[in-house]
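First up is the structure itself, then whatever we jot down about it.
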Amino acid sequence: MAAIIDCGVPATGTEREFEFFRPGQDRRCDKPITTIFFDLDNTLIPTRKGDAKACGKIADILHNEYDLPRDLATEVTITFLTSYRRCPDNPDIPLAQWRTQMWEDALPAGRKHLAPELYPRWVEYRTRYLAPSPEIISLLQTLRLQYLLGIVTNGPSASQWEKIDRLALGRYFDCILVSSDLPWAKPDRNIFYAACHYLGVRPEECAMIGDKLETDIQGGLESRLAATIWLPLPKDLRLMHDKSLADMGGLAHPDYIVESVLDLPSVLPLTTSFCGQRCRPVQERRGSNSYVPKTTRNRQASYNRFLPDVPDLYSSSSNSCDSNGTMDSQ
């Protein structure tokens with residue numbers, strides 16, 4: 001168990017950025033939580049690690065099967081991954097076509113014809129490395145017996161739904177919201193209100209767990225959720241645009257920090273008796289053949305503007321590549 005409440009910024013770069021609670025220092029949330037919202041990338045699934053490992057496999061293929069020098073093979077995959085992280089989806093062309101073109105652009109002259117062969121192999125390796133561990137699947141199955149579960153993720157629609165579908169994550173969740181299907185992205189509180197509306201719950205009975213302070217934690221705090229739980233990335237997986245506690249100042253001070261999503265139960269209330277009335281209607285529907293999780297799939301951007309009780313009061317957040325060419329989901 002590794003949950004934090006006291007988050008300290010180190011005086012020097014060699015000290016820990018924050019201190020994890022250890023067994024015996026347990027301070028669970030004492031609020032009546034009925035619903036848990038999960039971020040997708042780098043929370044439920046190891047997106048950055050999986051992408052890097054998949055590209056490493058492609059570098060091996062380029063070197064071993066197509067005789068590219070090792071340094072050139074590595075350069076090709078780094079170029080692809082950098083471009084992919086900047087903009088993983090182009091809504092104007094099919095996903096496979098866009099990514100094949102990115103591989104073609106990364107390959108040297110005389111080898112660009114390899115792109116259609118490399119893309120499906122990259123997808124196969126990527127799917128394998130992004131898959132949640134058996135322990136995480138077991139955790140979701142256990143939590144779902146007691147709570148309503150949702151995914152609230154930023155990113156381009158086709159790219160996010162591809163991961164959700166390939167990894168068969170829909171079976172574990174009662175609602176799934178992808179920001180590009182909506183007028184808002186995290187940290188805009190409206191996307192959290194929309195998730196609450198889907199499930200018929202109040203923000204103050206929901207918890208949010210995610211890896212980004214500037215979206216998951218700040219958005220959860222501004223939405224006044226019951227608990228915000230930060231899952232910081234290891235230093236070797238962080239990118240330049242990732243925000244630290246020092247960067248955020250007082251805007252995103254999480255209620256808890258965990259070393260692994262598997263530590264989530266250590267911060268949840270010991271009793272879930274208050275979940276029954278809220279969760280039972282949805283839990284009972286789960287058993288029917290007609291039960292389908294509520295999602296934003298294939299919704300027009302204006303969809304939730306017509307939902308009652310989801311106020312359109314705050315500024316929208318962009319779901320396209322930003323000025324630095326970086327999508328939040330990655």
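The values are calculated or read from the model by the stated rules, or taken from the named source; none is laboratory data. From a predicted model like this one, the values you see are computed outputs, not experimental measurements. Positions of Cβ are generated from backbone atoms using ideal geometry, with glycine treated the same way; all protein chains shown enter the neighbour counts. Heads up: the accessible areas ignore ligands, DNA and RNA and are worked out on the full protein's heavy atoms, side chains in. Shrake-Rupley method; radii C 1.70, N 1.55, O 1.52, S 1.80 Å.
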(message) Give me the percent relative contact order of the stretch 47-130, please, defined on Cα pairs under 8 angstrom at least 6 residues apart.
(response) 38
(request) Would you please put 128-134, 63-69 in order of how densely packed they are, using the mean number of other Cβ atoms within 10 angstrom per residue and starting with the highest? (result) 128-134, 63-69
(message) With a 1.4 Å probe and all protein chains kept in place, how much accessible area does Trp230 have, in Å² rounded to the nearest 10?
(response) 20
(request) Could you tell me which of the pairs Lys53/Lys294; Lys163/Lys212; Lys31/Lys53; Lys112/Lys243 are separated by over 30 angstrom between their Cα atoms in the structure shown? (result) Lys53/Lys294; Lys31/Lys53; Lys112/Lys243
(request) Would you kindly derive the ³J(HN,Hα) couplings of the stretch 257-265 from the backbone phi angles with the Karplus curve 6.51 cos²θ - 1.76 cosθ + 1.60 (θ = phi - 60°), listing them in order in whole Hz, with x for Gly and Pro? (result) 10, 10, 7, 8, 4, 5, 7, 3, x
